[in-house]
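**Q** Provided herewith is a single structure, encoded as structure tokens, for subsequent inquiry.
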Amino acid sequence: MRVLFIYIGVAGGFSGQAKATDLIIDGLNPKGVVCVRGLLPYLDRSGRLPVSISGVSLFAKLLRVYWRFLCERLPEGGAIHLSLGLTRFALLRDYVALICASLFARGRVRKVVALHGSVFTEWPTNSLNAQLFRSVIRCAGCVTCVGSSHRQALINLGVSSGKIEIVPNTCEYDGIEESDVTERQASSDQPLECLFLSSLTDTKGYPEYLEALEMIGSVDGAPIHAVLCGPIMMDAYRKRFETYDEAKVWIEQKVASINESDRVQAEWIPGARGSAKKALFEQAQIFVLPTQYPVEAQPLAVIEAMAHGCAIVTTDAGELLSTVNDESAIILSAPTPDSVKQSIISLAEDEQLRLRLSQAALNQFKLKFNRERYVQRWADLLRL
């Protein structure tokens, strides 16, 4: 069996769709499936090259990729997995890629479109983006999304309900043992470990997190060691900071202010991967992501926190309500620094609450979000 995976290759950066695709490939390879990576180029927006040069370079790369897809000649019974981009340019790019990959296939092939973001939930039904999107979906056998609210948004856009499949995200971790949760959440004379891990765009909630820590520092109680981990990201959905330097200075000043207290000590780590990221989750007792990101989907960081038995504070944004519930997390509808502060204090002062939430989160992870289930779901959809 041969499967062509079409997705964006991001050099030197993190891509949720690339990570999700790699997890499928890593799971299918041992089953004897031949997985072919079809990496699509992306527009260089770093400013290192003029836009005109970047555009010409991108067009040349696209032509080479499209020709490769035409020559791929998938055999009868093969499959195409397309991680669909959701900008207007990406929709056109990926539409042509899907047509090229299937045009000269040697027989019928299964075509599946995977959605990782949630920008489509904002599109008017008759918008150009929605029309392009429906054109892509008509070429595919099915389209996947991560949860029930996204499924309804697709139906509202005119996608047939029979074409929609829900495939929740997973992560690279297997999930710790329940006995390890009990040991980690036990009170001790060491500071309580608190973690925020995400790309730092302000609507992800890092300002509320740092302001909450600053407020906690003025209240007597058990000591807390807090980590803010992530690179600053200036995207279209930012509301508070206009430039990278403005955000950087604010974070540094806020961390310095927090560290003036006797109760809370904070540090900012501008991103972590591999063993460094795993170590942060392994020491964390509380995980905080008070996101209000307008196009939130199903954050991998929350699933990673579930796998590590963290007591979670998050919100009802995107598909988070199909990820955690009131039994496995403290869920804030409209997070403020004060509500985040109260949530962290509640968890800091109540070992049994931490233990109950973290055990429930771990159990939900093993039931719904484990890698084996994820890979098997994709094997079924690709008819492998």
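The values are calculated or read from the model by the stated rules, or taken from the named source; none is laboratory data. Owing to the predicted nature of the structure, the values given are computational and were not obtained by experimental measurement. Neighbour counts are summed over all protein chains in view; Cβ atoms, including those assigned to glycine, are modelled from backbone coordinates with ideal geometry.
**Q** State the number of residues belonging to region 12-41 that are in a helix (DSSP H, G or I), surrounded by 17 or more Cβ atoms within 10 Å (Cβ to Cβ) and modelled with pLDDT of 90 or more.
**A** Summing the residues that are in a helix (DSSP H, G or I), surrounded by 17 or more Cβ atoms within 10 Å (Cβ to Cβ) and modelled with pLDDT of 90 or more in region 12-41 gives 6.
**Q** Now for a different question. Output the number of the condition that Met234 fails; it satisfies all remaining conditions of (1) touching a residue at least 40 places away in the same chain (Cβ under 8 Å); (2) in a loop (DSSP other than H, G, I, E, B).
**A** (1)
**Q** For region 15-31, what are the residues that are without any contact (Cβ under 8 Å) to a residue 24 or more places away in the chain and of a type in the set (S, T, N, Q)?
**A** Selection gives Ser15, Asn29.
**Q** Quick check on this structure: which one of Lys163, Lys254, Lys248, Lys204 is surrounded by 15 or more Cβ atoms within 10 Å (Cβ to Cβ), of a type in the set (Lys, Arg) and closer than 22 Å to Thr323 by Cβ?
**A** Result: Lys204 is the single residue among Lys163, Lys254, Lys248, Lys204 that is surrounded by 15 or more Cβ atoms within 10 Å (Cβ to Cβ), of a type in the set (Lys, Arg) and closer than 22 Å to Thr323 by Cβ.
**Q** Where the second residue is surrounded by 15 or more Cβ atoms within 10 Å (Cβ to Cβ) and polar (S, T, N, Q) and the first is closer than 12 Å to Met215 by Cα and lies in region 257-279, which pairs have Cβ atoms under 7 Å and are six or more apart or on separate chains?
**A** Final answer for the pair search is Asn259/Gln265.
**Q** When you scan region 42-78, how many residues do you find that are at pLDDT 80 or above, touching a strand residue (DSSP E or B) at 6+ places or on another chain (Cβ under 8 Å) and under 18 Å from Gly9 (Cβ atoms)?
**A** Number of matching residues: 4.
**Q** What's the number of the only condition in (1) in a helix (DSSP H, G or I); (2) out of contact with any Pro (no Cβ under 7 Å at 6 or more places or on another chain); (3) in contact (Cβ under 8 Å) with a residue 40 or more places away in the chain that Arg356 fails to meet?
**A** Condition (3) is where Arg356 drops out.
**Q** Filter region 298-322 down to residues that are charged (D, E, K, R) and over 12 Å from the mean Cα position of the chain (by Cα), then give me how many there are.
**A** 1
**Q** State whether the residues of region 282-305 include one that is of a type in the set (A, V, I, L, M, F, W, C), without any contact (Cβ under 8 Å) to a residue 60 or more places away in the chain, within 26 Å of Ile166 (Cα to Cα) and surrounded by fewer than 24 Cβ atoms within 10 Å (Cβ to Cβ).
**A** No, the conditions are met nowhere in region 282-305.
**Q** Please enumerate the residues belonging to region 175-198 that are among the charged types (D, E, K, R) and touching a helix residue (DSSP H, G or I) at 6+ places or on another chain (Cβ under 7 Å).
**A** Residues satisfying the conditions are Glu178, Glu193.
**Q** For region 238-250, does any single residue satisfy the condition of being in the same structural domain as Phe287 (by TED's automatic domain parsing), under 20 Å from the mean Cα position of the chain (by Cα) and free of Cβ contacts under 8 Å to residues at least 40 places away in the same chain? Please lay out each step first, then the result.
**A** Within region 238-250, the subset in the same structural domain as Phe287 (by TED's automatic domain parsing) is 238-250.
Imposing the further condition that a residue be under 20 Å from the mean Cα position of the chain (by Cα) reduces the set to 238.
Now narrow it down to the ones that are free of Cβ contacts under 8 Å to residues at least 40 places away in the same chain: 238.
Yes; the residues of region 238-250 include at least one that is in the same structural domain as Phe287 (by TED's automatic domain parsing), under 20 Å from the mean Cα position of the chain (by Cα) and free of Cβ contacts under 8 Å to residues at least 40 places away in the same chain.
**Q** With the condition kept exactly as written, say whether any residue in region 140-154 is farther than 29 Å from Val324 by Cα and more than 17 Å from the chain's Cα centre (by Cα).
**A** Going through region 140-154, the residues farther than 29 Å from Val324 by Cα turn out to be 140-141.
Checking which are more than 17 Å from the chain's Cα centre (by Cα) leaves us with 140-141.
Checking region 140-154: at least one residue is farther than 29 Å from Val324 by Cα and more than 17 Å from the chain's Cα centre (by Cα).
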